[in-house]
Structures are given as structure tokens and as C-alpha cells.
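Working notes, beginning with the structure itself.
Derivation of every value follows stated rules applied to the coordinates shown; laboratory data play no part. Source: prediction; values computed, not measured.
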Amino acid sequence: MQGYHLYEYATIRLIPKVERGEFVNIGTMLYCSGEKFLQCVFHWDEKRMLALFPEVDIALIKIYCQSFEVICKGATAKGSDTVLSIAELAMAERFRWLTATRSTIIQSSPVHTGQTRDAHATLQKIHATLVETE
């Protein structure tokens, strides 16, 4: 299909008690090589997060999620030395690093694929469908 580009996306999950495996989707990231696009967006439904996980420190979670944003932006972003070294990687490598399996309170879902003509619009649509509940 002419004009379409392959994209990959994952939701970003808050999993305060990793051992229980319970989570709430708080963000979405999308990578599209054809459009040279890597971006993440977050939705902070604090009322929902605190209803499900009353012990969670939302301010701290927002700080952790800022590293996702810095890594997506790449080497021109500002952040910690560790985050900046990851931000210097090629776009595909940054996406793979962000979506790698880990055992922390911020995790990504498995990666899914599709085709798009507009990566930004697709990210917004996926985010609205999978994360925003209002």
C-alpha cells in the first residue's frame, strides 16, 4: 500500500506491586521508521490510579516516566547521564530498549504492529483507545 508505513507500538503500564501483576495503562509509545517517529504520551488519571493503588507515589511515577519522554526525544534531550546515553542510540534501538521486558513498576506491554499514513495521529488514536478512560 503506497503511502503507508509500518509502525510498532506498546502501552506503558504502572505496576506498583510487580509480584501481583496488576496494572493500569498510563501511556502509549509509537515507533515508525518510515516517518522517523518515536514518541510517547501519558494520561494521568490520578483518581483511578489511587483507587487501584492507594500507596502509589504519583509524583515519583511522573519523574520515572519523564525518562521515557527524554529517550524518545533522543540525544537533544536533557536528563540524567544514564538516560542521555540511551537517548544517543539510534531510534530503533531506543524503542527496543524502552519496550524490553523488565521487572519494575513502569513496564511496557508486548509490541504490536500496524500500518499508518500519519504516525502522530495513529499514536493519539491508540492512546485514546487503550489509555484514556474518560
* Ratio Rg/Rh [Cα only; Rh per Kirkwood] for the chain -> 0.97
* To do: Quick one: what are the phi-derived ³J(HN,Hα) couplings along segment 62-68, Karplus 6.51/-1.76/1.60 with θ = phi - 60°, whole Hz, x for glycine and proline?
  => 4, 5, 4, 6, 4, 5, 4
* Of Thr104, Thr28, Thr116, which is the most mobile in a GNM of the chain whose springs link Cα atoms less than 10 angstrom apart? -> Thr104
* Please say if segment 13-82 is rounded, prolate or oblate, where rounded means a/c under 1.5 for a ≥ b ≥ c the square roots of the C-alpha gyration tensor eigenvalues, and otherwise the choice is prolate for a/b larger than b/c and oblate otherwise? => prolate
* Taking only C-alpha pairs under 8 Å that are 6+ residues apart, what is the relative contact order of the chain in percent? -> 35
* Whole-Å distance, taken between Cα centres, linking segment 1-16 and segment 117-134 -> 9
